[in-house]
1. Provide a single number: the residues in the range 1-42 that are assigned to a loop (DSSP other than H, G, I, E, B) and either at pLDDT 95 or above or not polar (S, T, N, Q) (or both).
2. Just give me the residues in the range 81-115 being within 13 Å of Phe194 (Cβ to Cβ) and in contact (Cβ under 8 Å) with a residue 40 or more places away in the chain, in sequence order.
3. Just to be sure I understand, how many residues within the range 72-92 are farther than 10 Å from Ala133 by Cβ and of a type outside the set (Lys, Arg)?
4. Restricting the search to the range 56-66, which residues are over 16 Å from Cys131 (Cα atoms) and not aliphatic (A, V, I, L, M)?
5. Just the residues that are in contact (Cβ under 8 Å) with a residue 40 or more places away in the chain and either over 21 Å from Leu176 (Cα atoms) or touching a Pro at 6+ places or on another chain (Cβ under 9 Å) (or both), please, taken from the range 48-64.
Amino acid sequence: MTETAEEPAPRTRIFADLTPLRSSPDYRRLWFGNTVSWIGQGMTSLAVSLQVYDITRSAFSVGLIGFCSFLPMVVFGLFGGAVADTVDRRKLGLASSAGSFVLSVALVALTVAGVEQVGLLYAVVALQAACFAVNAPARSSMIARLLPAEQLPAANALNSMTSTTGTLVGPMLGGLVVGWWGYRAAYTVDAVTFTAALYAMWRLPAMLPQREEGVRDKRASVMDGLRFLGTRPNLRMTFFT
């Protein structure tokens with residue numbers, strides 16, 4: 001009777017798998033540009049909140065910033081993924097990133113001109129949310145075109161790190177920059193960081209929709225998603241929260 005050697009247990013990975021960053025220059029540029037721009041957006045998010053409070057001295061007015069972001073995210077988010085399935089994703093991502101860049105420059109211009117109109121800040125925040133809602137599905141769907149299937153879990157983990165880093169580090173840096181140099185500096189840093197995302201999008205190859213992606217009508221695909229949402233109470237509660 002012979003003894004069979006037991007297979008070694010798979011090692012638990014502690015650090016992130018960087019294989020996608022090493023294997024694909026396009027993905028590496030896209031990931032770096034997104035990470036830098038996420039941090040810049042986190043800085044701007046805090047800076048706008050502080051500026052609105054400085055102008056109004058009202059916590060309610062600061063809370064309205066979230067409301068101005070929420071509506072465009074819902075409306076444009078519903079159709080962003082459907083649109084991304086029917087057009088060149090590179091062009092859609094480039095256009096929405098350019099829109100976010102222009103809006104960041106608009107914040108710089110408002111502070112340079114000394115304009116302190118809360119309504120204008122709300123409008124810029126709403127338009128930035130609309131650009132993000134269109135950009136996010138286009139950007140996330142690009143990954144499957146840039147990497148082989150076996151690297152997608154690692155790429156998704158790296159993307160999650162990007163959003164978490166931006167959410168945590170961005171506001172902290174924003175508070176420091178606003179405290180030392182003011183709102184103009186924070187908005188300027190955000191505008192500069194967006195150039196990294198624009199450059200990454202510009203260097204990507206064309207990503208035309210595949211034949212099966214463009215068959216369905218946009219409204220039909222959105223309605224399919226809403227019907228699916230109606231069957232999943234856990235997802236409904238996530239949206240509600």
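1. Number satisfying all stated conditions: 15.
2. Within the range 81-115, Gly93, Leu94, Ser96, Ser97, Ala98, Ser100, Phe101, Ser104, Val105, Leu107, Val108 meet the criteria.
3. Filtering the range 72-92 for residues farther than 10 Å from Ala133 by Cβ gives 82-92.
Those left that are additionally of a type outside the set (Lys, Arg): 82-88, 92.
Residues in the range 72-92 being farther than 10 Å from Ala133 by Cβ and of a type outside the set (Lys, Arg): 8 in total.
4. Passing the criteria: Thr56, Arg57, Ser58, Phe60, Ser61, Gly63.
5. Across the range 48-64, the qualifying residues are Thr56, Ser61, Leu64.
The values are calculated or read from the model by the stated rules, or taken from the named source; none is laboratory data. The shown structure was predicted, so the numbers you read here are calculated from the model rather than taken from an experiment. Note that each Cβ is placed from the backbone with ideal geometry, even for glycine, and that neighbours are counted across all protein chains shown.
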